[in-house]
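A short reminder: the numbers here are calculations on the coordinates, not readings from a lab. Since the model is a prediction, treat every value here as computed from it, not as a measurement. Because the Cβ atoms are built from the backbone with ideal geometry, glycine has one as well, and the counts that use them run over all protein chains shown.
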Amino acid sequence: MSVKELLSIDYNIFLAPMAGVSTPELAAEVSNHGGLGSLGLGASTVEDARQQILKTQSLTDKSFQVNFFCHETVQPDNDKNQQWIEYLRPQFERFGATLPTELKCIYPSFKDNDDFLNLILETKPKAVSFHFGLPHAHQIDALKKAGIVTMVSATNINEARAIQNAGIDIVIAQGIEAGGHRGTFNPSIDSCISTVNLVKLFKTEIEIPIVAAGGIMNGFQAQHFINLGASAVQLGTAFVQCKSSGANAAYRKALFSKQPLTQITSSISGRPARGLQNHWAKDIDVPERVPVAPYPYAYDLAKQLNSLASQQGDTDYGAFWAGSNVGQIRELDAEELILQLRAEMHEYD
């Protein structure tokens, strides 16, 4: 069965599930125009996630995916957290603020309990995808019994093998060009493989369908991955600029800045992620940087700093996630973008 048949979609184009950016409105627009819309729910509470799913279902009767994080939850390392807080002292003092005294685990893992699993079983979206690892075996079994399509991101062949062996339906090949968080199961191991080479590598050993993700901004690039053997493509950065996305004005402006450059950093959240270069790249990621607090404790501190700076007119501490080809971004609504992608894919094919 093809990916389009499996997911009941017209076009093999996925919206990347970007937490805080892929709103119910954007997800529904993509789905209503033949692609697979998405909700990034890894940063949501169970009740907020429920409301987003129900809102999307009220806007479309088409398929969409929901996404959760499967990181290994770690207990707070107070020494490491305090060291990281102290390292960022100059940034807080720059805005006349006192340092926080502790950091919180602001993002739970899907694996911590079955609350999110039960929500999926209750609301029954067409598909669920996971980042940072695999759910527990009993969670996968429950999703499969409910007929919900499962997908997991992989950045190397060992992750892809584990995904296939776990009985997951689809593997998302996340190349190094991708914006946002790297989907590595172990954040200290990143093979840094390009999307092209990752798709080629997975085709040699993986039998389940492959979705190419990373650096795809137009239909010519998308069709190239389909021709290499990917069953579908997933785009995130290209859709951030859509009017229905949750990106704020500063984020949108930065996307269209002259010659936008990206960099992978773990300083913002505690896990490697690619975003537009700003204060994090220029002032914080210096050679003498101390070890970053673990995810998501570091993210708690980054969000506090960004909120403080933004209140004083400095938006350059934002987590403006973007892929390496962000310079090719186009100002199009979701419907226009999908139609343009389809036309370009047809022309290339």
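Only helices enter the 222 nm calculation for the chain: every DSSP H run of n ≥ 4 contributes -39,500 (n - 2.57), and dividing by all residues gives -11000 deg cm²/dmol, rounded to 500. Kirkwood-type hydrodynamic radius, segment 218-349: 16.4 Å, calculated from all non-identical alpha-carbon pairs.
To the nearest µm²/s, what D does Stokes-Einstein give for segment 63-130 at 20 °C and 1.002 mPa s, using the Kirkwood radius over alpha carbon pairs as Rh?
143
Radius of gyration (Cα atoms) of segment 1-123, expressed as a multiple of 2.2 N^0.38 Å: 1.38.
Return the loop-located chymotrypsin sites (Phe, Trp or Tyr not before Pro) in segment 217-271 (DSSP other than H, G, I, E, B) with at most 16 other Cβ atoms within 10 Å of their own Cβ; answer none if there are none.
256
Under a model in which nothing but the beta-carbon of Lys, Arg (+1) and Asp, Glu (-1) is charged, segment 68-166 shows a dipole of about 440 debye around its Cα centre. By the count of neighbouring beta-carbon atoms within 10 Å, fewest first, 192, 242, 70, 105 end up ordered 192, 105, 70, 242. Extending 7 Å from the Cα toward the beta-carbon at both residue 138 and residue 205 defines two label points whose distance is 3.1 nm. Near residue 244, once Lys and Arg are set to +1 and Asp and Glu to -1 for all other residues with Cβ below 13 Å from its Cβ, the sum equals -2. Pairwise Cα distances in segment 143-205 exceed 19 Å for 29 percent of all pairs.
Expressed in whole Å with the largest first, what are the equivalent ellipsoid semi-axes of segment 235-298 derived from the C-alpha gyration tensor as the square root of 5 times each eigenvalue?
Equivalent-ellipsoid dimensions as semi-axes: 25, 14, 9 Å.
Residue 333 sits among other residues whose Cβ lies under 10 Å from its own Cβ, and their net charge, with Lys and Arg +1 and Asp and Glu -1, is -3.
Suppose R0 equals 35 Å; then what is the FRET efficiency for residue 227 and residue 124 from their Cβ-Cβ distance, rounded to the nearest 0.05? That pair, residue 227 with residue 124, gives E of 0.55. Simple spin-label estimate for residue 286 and residue 86 gives 1.7 nm between the two label positions (7 Å along the Cα-to-Cβ direction from each Cα). How much length would be gained if the chain were fully extended between residue 157 and residue 51, taking 0.36 nm per residue of separation minus their Cα-Cα distance, in nm to one decimal? The residue 157-residue 51 span can extend by a further 34.6 nm. Looking only at segment 105-122, which residues have a backbone nitrogen under 16 Å from a spot 7 Å from the Cα of residue 145 in the C-beta direction? Only 114-115, 117-122 pass the distance filter. Using only Cα coordinates, the Kirkwood hydrodynamic radius of segment 124-231 works out to 14.0 Å.
Semi-axes of the equivalent ellipsoid of segment 291-336 are 28, 16, 10 Å, computed as sqrt(5λ) over the eigenvalues of the C-alpha gyration tensor in descending order.
What is the sum of charges, Lys and Arg at +1 and Asp and Glu at -1, for the other residues whose Cβ falls under 14 Å from the Cβ of residue 282?
Working: positive: 94, 289; negative: 283, 285, 314, 316.
With Lys, Arg at +1 and Asp, Glu at -1, the neighbours total -2.
Rounded to two decimals, the Cα radius of gyration of the chain over 2.2 N^0.38 Å is 0.95.
Cβ-to-Cβ counts within 10 Å put 80, 253, 258 in ascending order as 258, 253, 80, the fewest first. A Förster radius of 22 Å combined with the Cβ-Cβ distance from residue 333 to residue 256 puts the calculated FRET efficiency at roughly 0.90.
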